[in-house]
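J.: Have a look at this one before I ask anything.
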Amino acid sequence: MNMRRFALIAVPYFWLLALFLVPFLIVFKISLSDTALAIPPYTPTIKDGISALIAQLDFENFTFLASDDLYWKAYLSSLRIAVISTAFTLLVGYPIAYGMARAPEEWRATLMMLVILPFWTSFLIRVYAWMGILSNEGLLNQLLMWVGVTAEPLQILNTNTAVYIGIVYTYLPFMILPIYAALDRLDESLNEAAEDLGCSRLQAFWLVTIPLSRNGIVAGSFLVFIPALGEFVIPSLLGGSGTLMIGKVLWEEFFNNRDWPVASAVAVILLLILIIPIILFQRNQQKQAEAEQ
Amino acid sequence: MSPTVFAPWNNPDEKPLIRFKNVTKKFGEFVAIDDLSLDIYAQEFFALLGPSGCGKTTMMRMLAGFENPTSGRIELAGQDIAPVPPNKRAVNMMFQSYALFPHLSIWDNIAFGLRRDKMSKDAIEARVAEMLKLTRLEKFARRKPHQISGGQRQRVALARSLAKAPKLLLLDEPLGALDKKLRQDTQFELMDIQESTGTTFVIVTHDQEEAMTVASRVAVMDEGRVIQVATPAEIYEAPNSVYVADFIGDVNIIKASTKAIGQDQYHLNWIEGQPPLTATSALPFSEGQQAHLAIRPEKIKISTDRPEDAPNALQGKVLDIAYLGNLSTYHVELPGGQVIKAQTANTRRIARRDITWEDPVWISWSATAGVLLAQ
Amino acid sequence: MKRMTWFNVTSLTLGFAFLYLPMIILVIYSFNASKLVTVWAGFSTRWYGELLQNEAFLNAAWVTIKVAVISSSIATVLGTMAAYVLVRGGRFMGRTLFSGMIYAPLVMPEVITGLSLLLLFIGIGLDRGVLTIVLAHTTFSMCYVSVVVSSRLVSFDRSLEEAALDLGSSPWEAFRLVTLPIIAPAVISGWLLAFTLSLDDLVIASFTAGPSATTLPIKIFSAVRLGVSPEINALSTIMIAIVTVGVITASLVSKRSSLRAQEETRAAERPTT
């Protein structure tokens, strides 16, 4: 019985230790190593022994990151893009979630399935779908020119605008679902009470619906913001050379420049930046769980 | 009748506060309210009573403005209210679920409606303080709704809907969520508050005891129609139909055909081979008409010997005894198989009761004890 | 008695148009005869034919499916164990660290997960190939499985297990005969989620795949980096079709079984005459 319980705990535990925690410590360690023209391309390696590892700790990569303004700009630009696209996702997602929550009972399961369906479809394909639409000869430009908004095709693909569209599109279900869950729980008589006490429809929405769906808004925003910050596929397919995002920088640092220590340092800082929103998100979830009890 | 009795419905010069004129409300094919007309007067405590689905909640929601009649007219102080949206009506509602805003404190909940009226800060504070005092909630002003008890929540809901001093207050099953003891106390509290504020209350309930306790008049509803509107005493003593008699309190119904035997006096042939029953009725019944005699169990006497000079006396056998503490209800089976309930007050200790199961007994009642109903 | 206002209808219509139009356009253009993907030149299934001739894509698809099946199966076992430990395991040393390791990969940027696993594999001298991708995918998808399964475990009545123990089952029997059948729907959706995540993953696979094993997303990514191509449109259409059929079938099956369950309870409640 005790052996069994031990095995039950130990197997997933050691799996995660070996394949999640240890690799992460290695990243942390390598971020404090020197670049070397070797395989693997950094020193010291584990083979050099623990004492050598500790003796040669080195913050050079971090000072390098601080001195080269490419990295600062990349972090700031990632933050900006993530914030702006989260805001847009909220603006697009809230009305959809609201419409779903107000839809007749018998439609809701279908609407829910329609929101989740894209989530099961390949992320890459969903991003790719926009490449054809947004390109200079793409459908959007054809439409704009046909309507007469513009005479020349607009450059949309390979700009930040395309990145915003891509993030809003791919992460929209993450925003809709928690807001829908919050609105669905909302007792409709609260809105009626507000109207009964003298609110117009709009006032009741502001004073009752919005505050009471706050948890859903916060949860949805974090669910979009956190992955958007480290996004790689969207900026590399839809963004242009001017689109700076840290996930892309890390990728290029690793695969193109083969500078593993700097790539690791970039990863460590990205993680430090993410810790704050992750903790805030966790606290929001906990508060919500407590409120439900 | 003395002039101090509050009965504006008997005064033909009195203008009603609310008037339903041939109101019909349909939801798709379903007729929720069926050609209904009804007057409610200022300062009344008016109860809409009926089983769930009888349309009472729909009537309330039409008064509040959440539904509009399909046809007909609803007037408030002589004005058609159909075009007035809920937020512009001098009508407030206390919701069945209370609908307290969970993100606002008790104080802010009560101030919510006042703020919409653009009242000055001082005036709001004074009014909220007054409401808190009226409902004895001063100590809880800063708490959130989930931090107080069910009874307190009920009082917050009342304070919030009364704060704007509406012409008409609607209460949707206001005591439904409370346990029995608290419900009884709260009923009297509601009556006090209604009296001291002078507001017209319309209460929706399916609990006949509650309606009888609080209301000045009761409308008994069924399937979108009003069956009877009268004071609680009239409803109980003089129901106009079997439905009303059966809905309010306990009643025995005996089916019979009538035969006039004098001024308002009738003989009732209720079963082959038994002597006819005698009953009085102000309403005329034709010869041989099918009628229902409704008698309350407490108006039926039960005895071991045949009572002398009782106009109606029947012999039967005790089938069951329900002991309720203060009262006992005897279920007596008559020769034809019909079971009649008779109720007596337990003025003696239980050990000294002289009637028990299977005993042959006599039940009897006077000619005026029952009400003769055509339907 | 809910009313659909014009606002709600509009926002739902626009919202779902936004969600689905891009994919519909993609599907339509996969049947375009022209090599130029933006100009319509008539209906053709030419690109599907070419796709089926393309060995590199077919190989990659095979690797991807292999990886997805193996990794999602292992992840389902490990994730269910982890969920059981978290919900029913009681206290043990390092429980906080354990639950942290379950939740952290869910919010970890893929680039970091991929990078760290690659560094591990190089550190221990493991050659990159199918095995390394499977290890990587198993690790992050077991966390998703465990979240899905534990939410089901939390909501189910513990006294059912206790009743089984009370009636003489061993803990393992109680798990097999009572717990597992009840959490089975969650375990199955956990497997499906793990399978889809593995099928979908580009970033982690790019880090952990070697020259000997390339997955379909890596192939697609390197192709679309150069621009839109009709073959990729055809491939996307096939993948969208598979997912759509799968999801709709799954929802119909679950709807039917819930209807049947309703029917059975109704039949059970009907008095026998």
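Laboratory data are not the source of any read-out in this text; all were calculated from the coordinates shown. Since the model is a prediction, treat every value here as computed from it, not as a measurement. Positions of Cβ are backbone-derived with ideal geometry, glycine not excepted, and every protein chain shown enters the neighbour counts.
J.: Once you put a point 7 Å from the Cα of C:L252 and another 7 Å from the Cα of B:F188, both along the Cβ direction, what distance in nm separates them?
T.: Placing both labels 7 Å along Cα→Cβ, they lie 6.6 nm apart.
J.: Please list, ordered by chain and number, the residues whose modelled amide H lies under 5 Å from the amide H of B:T344; skip anything fewer than 5 residues away on the same chain.
T.: Distant-sequence amide H within range of B:T344: B:S328, B:Y330.
J.: Name the trypsin sites (Lys or Arg not before Pro) in the stretch B:296-375 that are in a loop by DSSP and that have at most 13 other C-beta atoms within 10 Å, would you?
T.: Values: sites: B:K299, B:K301, B:K317, B:K341, B:R348, B:R349, B:R352, B:R353; in loops: B:R348, B:R349, B:R353.
Counting only loop positions with at most 13 other Cβ atoms within 10 Å, the trypsin sites (Lys or Arg not before Pro) in the stretch B:296-375 are B:R348, B:R349, B:R353.
J.: Have a look at the DSSP beta bridges in the protein assembly as shown and tell me what percent are antiparallel, nearest 5. Present the calculation step by step, with values, prior to reporting the outcome.
T.: Details: 62 of 80 bridges.
In the protein assembly as shown, approximately 80 percent of DSSP beta bridges are antiparallel ones.
J.: Continuing with the same structure: May I ask you to list the trypsin sites (Lys or Arg not before Pro) in the stretch C:46-147 that are in a DSSP loop and have at most 16 other Cβ atoms within 10 Å of their Cβ?
T.: On the way: sites: C:R46, C:K66, C:R88, C:R91, C:R95, C:R128; in loops: C:R91, C:R128.
When the trypsin sites (Lys or Arg not before Pro) of the stretch C:46-147 are filtered for loop state and at most 16 Cβ neighbours within 10 Å, C:R91 remain.
J.: Multiply the residue gap between A:L21 and A:W107 by 0.36 nm, knock off their C-alpha separation, and tell me the result in nm, one decimal place. Mind showing how you got there, number by number?
T.: On the way: separation 86, 0.36 × 86 = 30.96 nm, distance 4.44 nm.
Working it through step by step, the gained length comes to 26.5 nm.
J.: Which value results for Rg/Rh of chain A when Rg is the Cα radius of gyration and Rh the Kirkwood radius based on the inverse mean 1/r? Present the calculation step by step, with values, prior to reporting the outcome.
T.: Numbers: Rg = 24.0 Å, Rh = 22.6 Å.
My calculation puts Rg/Rh at 1.06.
J.: Sticking with the crude label model, points 7 Å out along Cα→Cβ, report the distance from A:W206 to B:R348 in nm, one decimal please.
T.: Each label point lies 7 Å from its Cα, and together they span 7.6 nm.
J.: At most 10 other C-beta atoms within 10 Å and a DSSP loop state: those are the exposed GluC sites (Glu not before Pro) I care about. Give me the longest piece of chain B that has none.
T.: Working: sites that count: B:E29, B:E272, B:E287, B:E308, B:E358.
Result for the longest clean stretch: B:30-271.
J.: I need the Kirkwood Rh of chain B: take the reciprocal of the average 1/r across all distinct C-alpha pairs and report it in angstrom.
T.: Values: mean 1/r = 0.0424 Å⁻¹.
That comes to 23.6 Å for chain B.
J.: Applying 1/(1 + (r/R0)^6) with R0 = 60 Å to the Cβ-Cβ distance of A:R214 and C:T45, what FRET efficiency is obtained, to the nearest 0.05?
T.: Details: r = 51 Å, r/R0 = 0.85.
Here the calculated transfer efficiency is 0.75.
J.: Can you give the FRET efficiency to the nearest 0.05 for C:N54 and A:W72, using r as the Cβ-Cβ distance and R₀ = 51 Å?
T.: On the way: r = 43 Å, r/R0 = 0.85.
In this case the efficiency is close to 0.75.
J.: Amide H neighbours of B:M94 under 5 Å, counting only residues 5+ apart in sequence or on other chains, H built in-plane at 1.01 Å?
T.: Under 5 Å from the amide H of B:M94 lie the amide H atoms of B:L170, B:L171, B:D172, each far enough along the sequence or on another chain.
J.: Still on this structure, I have one more. Provide the gained length on full extension for the span C:A184 to C:L21, in nm with one decimal, where the gain is 0.36 nm per separating residue minus the Cα-Cα distance.
T.: Between C:A184 and C:L21, full extension yields 55.2 nm more.
J.: For the stretch C:55-229, build the charge dipole from Cβ charges (+1 Lys, Arg; -1 Asp, Glu) around the Cα centre, then report which of C:L117, C:L153, C:V67 sits farthest towards its positive end.
T.: Farthest towards the positive pole: C:L117.
J.: Sort largest first and round to whole Å: the equivalent ellipsoid semi-axes of the stretch C:55-229, each the square root of five times a Cα gyration tensor eigenvalue. Walk me through the numbers before you get to the answer.
T.: Working: eigenvalues 255, 60, 35 Å².
After diagonalising the Cα gyration tensor, the semi-axes are 36, 17, 13 Å.
J.: Please report the equivalent ellipsoid semi-axes of the stretch B:161-221, computed as sqrt(5 x eigenvalue) of the Cα gyration tensor, largest first, in whole Å. Write out the running numbers ahead of the final one.
T.: Working: eigenvalues 66, 38, 23 Å².
Equivalent-ellipsoid dimensions as semi-axes: 18, 14, 11 Å.
J.: Oh, and also: How many nm separate the modelled label positions at B:A123 and C:M93, each set 7 Å beyond the Cα in the direction of the Cβ?
T.: Once both label points are built, they end up 7.2 nm from each other.
J.: Mind giving me the FRET efficiency for C:I124 and A:I116? R0 is 41 Å, r the Cβ-Cβ distance, nearest 0.05 is fine.
T.: With R0 = 41 Å, the Cβ-Cβ based efficiency is 0.60.
J.: Given the -39500 (n - 2.57) contribution per DSSP H run of 4+ residues, what per-residue ellipticity at 222 nm results for the protein assembly as shown, rounded to the nearest 500 deg cm²/dmol? Please report the intermediate quantities before stating the final value.
T.: Working: 35 runs with 504 residues, N = 941.
Rounded to the nearest 500, the figure is -17500 deg cm²/dmol.
J.: If you don't mind, another one. Using the Karplus curve 6.51 cos²θ - 1.76 cosθ + 1.60 with θ = phi - 60°, work out ³J(HN,Hα) for each residue of the stretch A:225-233 in order, rounded to whole Hz, and write x for Gly and Pro.
T.: 5, 4, x, 5, 4, x, 4, 10, 5
J.: What does the structure give for B:91-101 when I average, per residue, the other chain Cβ atoms found within 10 Å of the residue Cβ? Walk me through the numbers on the way to the answer.
T.: Numbers: counts 1, 4, 6, 2, 6, 1, 5, 4, 11, 3, 8.
Other-chain Cβ atoms within 10 Å of each residue's Cβ, averaged: 5.
J.: Please list, ordered by chain and number, the residues whose modelled amide H lies under 5 Å from the amide H of B:I227; skip anything fewer than 5 residues away on the same chain.
T.: So B:I227 has HN proximity to B:V220, B:M221, B:D222.
J.: So for the stretch B:158-263: antiparallel DSSP bridges make up what percent, rounded to the nearest 5?
T.: Values: 5 of 10 bridges.
Given both bridge residues lie in the stretch B:158-263, the antiparallel proportion sits at roughly 50 percent.
J.: Additional query: Which chymotrypsin sites (Phe, Trp or Tyr not before Pro) does the stretch B:4-98 hold that lie in a coil by DSSP with at most 12 other beta carbons within 10 Å?
T.: On the way: sites: B:F6, B:W9, B:F20, B:F27, B:F30, B:Y41, B:F45, B:F46, B:F66, B:F95, B:Y98; in loops: B:F6, B:Y41, B:F66, B:F95, B:Y98.
Counting only loop positions with at most 12 other Cβ atoms within 10 Å, the chymotrypsin sites (Phe, Trp or Tyr not before Pro) in the stretch B:4-98 are B:F6.
J.: Among C:10-22, A:192-204, how do they line up by average Cβ neighbours within 10 Å per residue, starting with the highest? Please list the in-between numbers first.
T.: Numbers: C:10-22: 16.5, A:192-204: 21.2.
Top of the packing list down: A:192-204, C:10-22.
J.: Here's a follow-up. Residue by residue through the stretch A:64-80, which ³J(HN,Hα) values in whole Hz follow from phi under the Karplus form 6.51 cos²θ - 1.76 cosθ + 1.60 (θ = phi - 60°), with glycine and proline marked x?
T.: Per residue, the Karplus-derived 3J(HN,Hα) values read 5, 4, 5, 7, 8, 6, 4, 6, 4, 4, 5, 4, 4, 5, 4, 4, 4 Hz.
J.: Something else: Apply the Karplus curve 6.51 cos²θ - 1.76 cosθ + 1.60, θ = phi - 60°, to the phi angles in the stretch B:334-349 and return the couplings in whole Hz, x for Gly and Pro.
T.: These are the phi-based 3J(HN,Hα) values: 8, x, x, x, 5, 9, 10, 9, 10, 10, 10, 6, 8, 7, 10, 5 Hz.
J.: If you don't mind, there's one more thing I want to ask. Is any helix in chain B, taking whole DSSP H runs, at least 30 angstrom long along its axis by alpha carbon and on average at least 1.6 on the Kyte-Doolittle scale, and which ones? Can you show the working numbers first?
T.: Working: long enough: none.
Going by DSSP H runs, there are no hits.
J.: Viscosity 1.002 mPa s, temperature 20 °C: what is the translational diffusion coefficient of the protein assembly as shown from Stokes-Einstein with a Kirkwood Rh over Cα pairs, rounded to a whole number of µm²/s? Please report the intermediate quantities before stating the final value.
T.: Working: Rh = 34.5 Å.
Taking Rh from Cα pairs, D becomes 62 µm²/s.
J.: Could you tell me the relative contact order of chain A? Use alpha-carbon pairs under 8 Å, at least six residues apart, and round to a whole percent. Walk me through the numbers before you get to the answer.
T.: Details: 313 pairs, mean separation 76.2, N = 293.
Here the relative contact order equals 26 percent.
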